[in-house]
Amino acid sequence: MRGILASSIGVTCAAALALPLAPPAAASVSSVSSAGTPAPVAVADVATRTVGTAGARTGARADVPGSTQSLPLRPLTRDRASGAVLGLTPRTVRTFSLLGVVWEDPSVDLHGRVQVRTRAVSTGDWTDWQDVETHYTQHGADPDSSEAASGKARGATAPLWVGESDGVEVRVLPEPDAGEPEDVDPVGTGSDEGASGGEGAGEVSTLPAGMRLDLVDPGEAEPGESAGGAEPQAEPGGPEPQAEFGESAEGAEGAEGAEPAEGAEEAHTGVMTAAAKAASAANSALVPLGATQIPSLTAEETREELVALRGTGLTEQQQAKPYIGPRPSIVTRRGWGADESLREKSFVYTSKVKAAFVHHTASGNSYSCSQAPSLIRGFYRYHTKSLGWRDIGYNFLVDKCGRIYEGRAGGVAKPVKGAHTMGFNSKTTGIAVIGSYGSKKPSSKAVKAVARLTAWKLGLHGMNPKKKTSLTSGGGNLYAKGKKVKMKVISGHRDGFNTSCPGGKLHKKLGSVRSKAAGYQGR
């Protein structure tokens, strides 16, 4: 992000919750009463807008890549107590499944409340109003990094998964400043975010400039790709270890993977773009080109693979019995249907992985496991096209059925530098559990999957999940740039940044994750 994000007390990435309000009529728009309570006001009709589209489609849905519709937010009304209310009146739009509000400056926080309701394609019914998590800038590249300084980055809310929809209404209510920050919930959302300080108590916060609503159609997986609906199965005997994987200097940009000999990929992939080949080739030490899944290995197979991958990088004792968990099954980017043209071409690596940060996506829990690849494609498009990042921010994602997915491109066994924990993206990996876990417990399958993944990923670098490690802050609202911090090898996002992510319910499970991961490593 451009510059160090201003300190924000109690920033949260809590769940997006449906409010207990009766859904207004389709032809209505919200105003705000003098008490600050949303109230429906009739309007003449429902307008249709499709401003700033990318990859526009007409007629039947196409395969990947999908599209993004951008709709500028306009003033709806102004109230002395609440100030200008921005939003959109109810309107019909092209089909989408995920949404978020975006603005120009990524260093600016949105102090207010964002509420949406959508119309389901399947039923034609409008939902109740839902809150969108407004604090998301703490998920991102480190300040002063090349990714943050690209000039492309923008501020945004968390993405909210709403399912296939063709109508939308939005309202953004500014949050009154309250002087000194307090550990209260100023808008009644159930979050632990305090009100931001201002020049005078009772003044209305200024909303960020250039606010717009982005509606994301994640597209559909290509024929033959994994839909994520079935438990991944290991290939008999596992893959033969191939080339040793190397690590570039921290922050250095690595070249894309070398392309195989002409025709070598045809048996596995058919036609692949150069970018798709490069993303797949980054995992060539583990699976053949074009694989949609990296199969699980036994403990012994994983130890043998580690020795083959790292070779002389291990001591004799480590080669005899390295502490590493069995490699779990991982759905590749090709498996979840990544459109590789969206990301930047090169890969960026850090020197090693000393810690794992656990996140939640704050996108809601109303998804089926078979829809998880669609959610990931939505996050990917939102991160690249809406937020201006080089790729999806997380290194890995886990759905509530315990399936693990490759995130940022560059190779699952390699130390790929992500954009997940502002200030601590170097020498770490970011794992996001899909959903919102401020008030809802994560599934036992998801918790187990995080433990299995961290046991393997951290084991590749000789890290003990039960210990602490030293990290240097790249800048954030909790630790100043350059400060050395002792951090648990498996930490939650809130441990490195002042946020409630990964949600209180998931954060409480990290002790279990650490002990399970250590057990998988044989410690």
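The values are calculated or read from the model by the stated rules, or taken from the named source; none is laboratory data. Because the structure is a prediction, the values reported are computed rather than measured. Here the Cβ positions follow ideal geometry from the backbone for every residue, glycine too, while neighbour counts run over all protein chains shown. Areas reflect the complete protein model, heavy atoms only, side chains present, ligands, DNA and RNA absent. Shrake-Rupley method; radii C 1.70, N 1.55, O 1.52, S 1.80 Å.
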* Structure fact -> Within the stretch 96-123, residues being open to solvent by 40 Å² or more (accessible area, probe 1.4 Å) and more than 22 Å from the chain's Cα centre (by Cα) number 4
* Asked: What is the one condition in (1) at pLDDT below 95; (2) open to solvent by 10 Å² or more (accessible area, probe 1.4 Å) that LEU73 does not satisfy?
  -> (1)
* What number goes with the only condition from (1) in contact with a helix residue (DSSP H, G or I) (Cβ under 7 Å, 6 or more places away or on another chain); (2) part of a loop (DSSP other than H, G, I, E, B); (3) within 30 Å of GLN130 (Cβ to Cβ); (4) open to solvent by less than 10 Å² (accessible area, probe 1.4 Å) that ALA362 does not pass? -> (1)
* Which of the residues that make up the stretch 490-508 are in contact (Cβ under 8 Å) with a residue 40 or more places away in the chain and buried (at least 23 other Cβ atoms within 10 Å of the Cβ)? -> ILE490, SER491, GLY492, HIS493, GLY496, PHE497, THR499, SER500, CYS501, PRO502, GLY503, LEU506
* Asked: Would the stretch 343-356 turn up any residue that is over 16 Å from ALA282 (Cβ atoms), outside any loop (DSSP other than H, G, I, E, B) and open to solvent by less than 10 Å² (accessible area, probe 1.4 Å)?
  -> yes
* Can you pull out the residues in the stretch 425-447 that are surrounded by fewer than 24 Cβ atoms within 10 Å (Cβ to Cβ) and touching a Ser or Thr at 6+ places or on another chain (Cβ under 6 Å)? -> SER426, LYS427
* When residues of the stretch 320-342 are filtered for being open to solvent by less than 20 Å² (accessible area, probe 1.4 Å) and either under 28 Å from SER470 (Cβ atoms) or assigned to a strand (DSSP E or B) (or both), how many remain? -> 7
* **Flag for PHE396 being open to solvent by less than 10 Å² (accessible area, probe 1.4 Å), at pLDDT 95 or above, hydrophobic (A, V, I, L, M, F, W, C) and closer than 22 Å to TRP456 by Cα** => yes
